[in-house]
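This report refers to the structure that appears directly beneath it.
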Amino acid sequence: MKNISNLKLSRKSPLLKGGGTSEASDGGLHENHFLPRNKDLKPPSRELRTNSTKQENHLWYDFLRNFVPRFTRQRIVNNYILDFYCHKAALVIELDGAQHYEKEAIEYDSARTEYLNGFGIEVLRFDNKQIDDNFSKVCEKIKMTVEERIKQKV
């Protein structure tokens, strides 16, 4: 996940379809609303897809690529690039390397998670070691969370 600037868009941003909020009454996303995007992040998003980590590739090619409902890689939301995003479940999957345990990164990740939660999006975080050592448990957790979130929306 990368942040180009400190610019923040509110949930009532005019970039959202109809200029309204993006939250449904149940806290989830309405299907007819879209999330704000910083189009300047398209090149870095493509580069991150091209230069994915070993763990990102493992999770993508061995689990998420053919997962139903669909996940996307390196999805831009506002000024953030998310590792993996499932719109139907309003779920983000983030894989964290060692840099995410530094004080500044922890604060940044916390603020980004709070921002995404404001749209009704849940963030699941896994460190690279979990992907390497417990891949099946990570996949099980993702599957269970997707199922729970979709049930909540019905």
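Read-outs throughout are calculated quantities, based only on the coordinates presented, and are distinct from any laboratory measurement. Just so you know, these numbers come straight off a predicted model, no measurement behind them. Cβ: placed from backbone, ideal geometry, glycine included. Neighbour counts: every protein chain shown.
Put simply, the amide H of R37, placed in the peptide plane, has neighbours under 5 Å in N78, leaving out anything fewer than 5 places away on its chain. As a rough footprinting exposure proxy, the listed residues V154, V68 were ranked by other beta carbons within 10 Å of their own, and the order from fewest upward is V154, V68. Under the combined filter of DSSP loop state and at most 10 neighbouring Cβ atoms within 10 Å, the range 72-154 retains these GluC sites (Glu not before Pro): E102. 3J(HN,Hα) couplings calculated from phi for the range 75-82 with the Karplus curve 6.51 cos²θ - 1.76 cosθ + 1.60 (θ = phi - 60°) are, in sequence order, 7, 8, 10, 6, 9, 10, 10, 8 Hz; Gly and Pro show x. When DSSP beta bridges are restricted to pairs lying wholly in the range 36-153, around 55% turn out antiparallel. Remark: the range 49-54, residue by residue, has Karplus-estimated 3J(HN,Hα) of 5, 5, 10, 5, 6, 4 Hz, where x stands for each Gly or Pro and the curve is 6.51 cos²θ - 1.76 cosθ + 1.60 at θ = phi - 60°. Using only the Cα atoms, work out Rg/Rh for the range 36-153, with Rh taken as the Kirkwood radius, to two decimals. With Rg and the Kirkwood Rh in hand, the quotient comes to 0.93.
Can you compute the equivalent ellipsoid semi-axes for the range 32-87, i.e. the square root of 5 times each eigenvalue of the Cα gyration tensor, sorted largest first and rounded to whole Å? Working shown, then result.
Numbers: eigenvalues 78, 50, 9 Å².
Semi-axes (√(5λ), whole Å): 20, 16, 7.
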